[in-house]
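First comes the structure, then the notes that go with it.
Bear in mind that the values in this text are calculations on the coordinates, not laboratory data. The structure presented is a predicted model; accordingly, all values stated were derived computationally and were not measured. Note that we place each Cβ from the backbone using ideal geometry, even for glycine, and neighbour counts take in every protein chain shown.
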Amino acid sequence: MTQIPKSAPQLYETDFAVWTEKTVQLIRTGQFGQVDWDAVIEEIESLGRSERRELKSRLEVLLQHLLKWQYQSSCGVAFGEIRLMSSATKL
């Protein structure tokens, strides 16, 4: 049975991994007219949102650790410092 090739928009919806490989190949070979630019733009926007959410989450954790370290120093400074360094390193 012969597979019918899918258009870029169909491929984007059904097989993201194959879509990304095909899109990279099209861009690298200069076949810009065949690239599904709407999907590329959507992915770039999505990546930006994801990165911002991740940064916000890590900053919130770091702030929580800083506050705990500041106000609960009697619970063990060394433990707090390790958690702070771990959170800061992830940023």
- Apply the Karplus parameterisation 6.51 cos²θ - 1.76 cosθ + 1.60, with θ equal to phi minus 60°, to every residue of region 35-51 and state each ³J(HN,Hα) to the nearest whole Hz, in sequence, with x for glycine and proline. 6, 7, 5, 4, 5, 4, 4, 4, 5, 5, 4, 4, 4, x, 5, 4, 5
- Note on the structure: Distance in nm between residue 58 and residue 29 label points, each 7 Å along Cα→Cβ, equals 3.7
